[in-house]
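Peer 1: The structure follows.
The values are calculated or read from the model by the stated rules, or taken from the named source; none is laboratory data. If you're wondering where the values come from, they're calculated on a predicted model, not measured in any experiment. Cβ placement follows ideal geometry from the backbone for every residue including glycine, while neighbour counts extend to all protein chains displayed.
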Amino acid sequence: ANGMPELHGLTPTLSVLLGRGLKVALVTDGRMSGASGKVPAAIHVSPEAAAGGPIAKVRDGDRVRVNAETGVLEVLESDFEARAPVSVDLSANESGLGRELFAAFRSNCGLASDGAGTVV
């Protein structure tokens, strides 16, 4: 989907934290190409933050409940509903690291929840 980063690079760091006895999980609107393995992860969460999805209101330290059977993700903080979504200006990230190759797709790509289809 538009803006959906690849996050498999986080796996080693999260694995170290798990190895130290910390309770760690990953909840993201990004993707992890099957590399999550040991780390509990809810990936491809939609609607994504860039589209104003509720994940844009999650903060470090929030308690989150993930029900893998029902597909429900719930933030257990009393002020969660009242929070404004965080928006980030990503215009400075439009080039570099090969991003230019996919500029046409980014500008024409739909949301992950809609299948991330492109119209060219």
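Peer 1: For the range 88-111, give me each residue that is surrounded by fewer than 11 Cβ atoms within 10 Å (Cβ to Cβ), among the aliphatic types (A, V, I, L, M) and more than 18 Å from residue 46 (Cα to Cα).
Peer 2: Result: 90, 92, 97, 101.
Peer 1: For residue 69, all conditions in the list (1) among the charged types (D, E, K, R); (2) under 25 Å from residue 23 (Cα atoms); (3) touching a residue at least 24 places away in the same chain (Cβ under 8 Å) hold save one; what is the number of the exception?
Peer 2: Residue 69 satisfies all of (1) among the charged types (D, E, K, R); (2) under 25 Å from residue 23 (Cα atoms); (3) touching a residue at least 24 places away in the same chain (Cβ under 8 Å) except (3).
Peer 1: From the list 28, 118, pick out the single residue that is at pLDDT 80 or above and among the polar types (S, T, N, Q).
Peer 2: Going through 28, 118 in turn, just one is at pLDDT 80 or above and among the polar types (S, T, N, Q): 28.
Peer 1: Restricting attention to the range 82-108, which residues are modelled with pLDDT of 75 or more and closer than 17 Å to residue 48 by Cα?
Peer 2: 83, 84, 85, 86, 87, 88, 89, 108
Peer 1: If I ask for residues that are within 17 Å of the chain's Cα centre (by Cα), exposed (fewer than 10 other Cβ atoms within 10 Å of the Cβ) and of a type in the set (A, V, I, L, M, F, W, C), which ones from the range 43-87 would you list?
Peer 2: Passing the criteria: 68, 72.
Peer 1: Here are 104, 112, 56: which of them is in contact (Cβ under 8 Å) with a residue 12 or more places away in the chain and touching a helix residue (DSSP H, G or I) at 6+ places or on another chain (Cβ under 7 Å)?
Peer 2: After applying the criteria, what remains is 56.
Peer 1: Hey, another quick one. Quick one: residue 91 ticks every box in (1) over 19 Å from residue 10 (Cβ atoms); (2) in contact with a strand residue (DSSP E or B) (Cβ under 8 Å, 6 or more places away or on another chain); (3) of a type in the set (Ser, Thr, Tyr) except a single one, so which number is it?
Peer 2: (2)
Peer 1: While we're looking at this one, here's another question. What's the number of the only condition in (1) closer than 24 Å to residue 32 by Cβ; (2) touching a helix residue (DSSP H, G or I) at 6+ places or on another chain (Cβ under 9 Å) that residue 84 fails to meet?
Peer 2: Checking residue 84 against (1) closer than 24 Å to residue 32 by Cβ; (2) touching a helix residue (DSSP H, G or I) at 6+ places or on another chain (Cβ under 9 Å), the one that fails is (1).
Peer 1: Looking only at the range 33-42, filter to residues that are assigned to a loop (DSSP other than H, G, I, E, B) and not polar (S, T, N, Q); which one of those is surrounded by the most Cβ atoms within 10 Å (Cβ to Cβ)?
Peer 2: Filtering the range 33-42 for residues that are assigned to a loop (DSSP other than H, G, I, E, B) and not polar (S, T, N, Q), the one surrounded by the most Cβ atoms within 10 Å (Cβ to Cβ) comes out as 39.
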